[in-house]
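**Student:** Dumping the structure here so I can ask a few things about it.
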Amino acid sequence: MKIAIACDHGGYRLKEVLKASMIAQGYEVIDFGTNSEDSVDYPDYAYKAAKAVADKECERGVVVCGTGIGVSIVANKVDGIRCALVHDLFSAKATRQHNDTNMIAMGGRVIGEGLALEILNTWLHTDYEGGRHDQRIEKMMAIEKQ
Ligand code: RB5
């Protein structure tokens, strides 16, 4: 599976940890930066990762900033993206099962590396349940076309 990843300076350290873990597990990771803790604007980076997912260059995307909020807002502005800001394991599982999210956002200043890695792995390995959730996702995505 090909995964897009991006961050700003606030998410740089966590992005490197998540990226290394995914590569070690055999995922192909496309890194859209940033690549240091020098201050940058998170929309520039989150947009690139979201666009790669929306254009089907990558199947899923991971975005990290200080809180996870900025990058999640940016990702969700891109047509076709369903990005969840997740800092707990219950939501990591539920957002795949119910929302079929194609991107996840986390805050490097919010959670520790251990929990972030568990969240990422749960999210990567949980399947969408379909069924009653299909019509809800269809309604959600129809809003983008209005
Ligand atoms: C950067 O200082 C910070 O605003 C950013 O990482 C993020 O938390 C925005 O939502």
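The values are calculated or read from the model by the stated rules, or taken from the named source; none is laboratory data. Predicted model, so just to flag it, every value in this text is computed and none were measured. Using ideal geometry, Cβ is built from the backbone for each residue, glycine included, and neighbour counts are taken over all protein chains shown. Areas reflect the complete protein model, heavy atoms only, side chains present, ligands, DNA and RNA absent. Shrake-Rupley method; radii C 1.70, N 1.55, O 1.52, S 1.80 Å.
**Student:** Scan MET140, MET106 and give me the residue that is among the aliphatic types (A, V, I, L, M), touching a residue at least 60 places away in the same chain (Cβ under 8 Å) and either open to solvent by 30 Å² or more (accessible area, probe 1.4 Å) or within 19 Å of PHE32 (Cα to Cα) (or both). Even if it seems obvious, please write down each step before you answer.
**Tutor:** Values: MET140 fails: touching a residue at least 60 places away in the same chain (Cβ under 8 Å).
Within the list MET140, MET106, the selection yields MET106.
**Student:** In segment 75-87, how many residues are more than 16 Å from the ligand (Cβ to nearest atom) and open to solvent by 60 Å² or more (accessible area, probe 1.4 Å)?
**Tutor:** 1
**Student:** A further question follows. Yes or no: SER72 within 11 Å of the ligand (Cβ to nearest atom), touching a residue at least 12 places away in the same chain (Cβ under 8 Å) and open to solvent by 30 Å² or more (accessible area, probe 1.4 Å)?
**Tutor:** So SER72 does not fit the description; no.
**Student:** Within the bounds of segment 19-35, is there any residue that is within 16 Å of the ligand (Cβ to nearest atom) and under 16 Å from GLU113 (Cα atoms)?
**Tutor:** Just the residues of segment 19-35 that are within 16 Å of the ligand (Cβ to nearest atom), to begin with: 32-35.
After this cut, where a residue has to be under 16 Å from GLU113 (Cα atoms) as well, the list is none.
No, segment 19-35 has no match at all.
**Student:** Right, something else. With the checklist (1) outside any helix (DSSP H, G or I); (2) polar (S, T, N, Q); (3) over 20 Å from GLU113 (Cβ atoms); (4) open to solvent by less than 70 Å² (accessible area, probe 1.4 Å) in hand, flag the one item THR95 doesn't pass.
**Tutor:** (1)
**Student:** To continue, here is another question. Scan segment 92-123 for residues that are farther than 19 Å from ILE3 by Cα and either under 13 Å from the mean Cα position of the chain (by Cα) or of a type in the set (Phe, Trp, Tyr) (or both) and report the count.
**Tutor:** Here the count works out to 0.
**Student:** Hey, another quick one. Kindly indicate which of ILE73, ILE5 is over 15 Å from LEU117 (Cα atoms) and of a type outside the set (Lys, Arg).
**Tutor:** When all the criteria are applied, what remains is ILE73.
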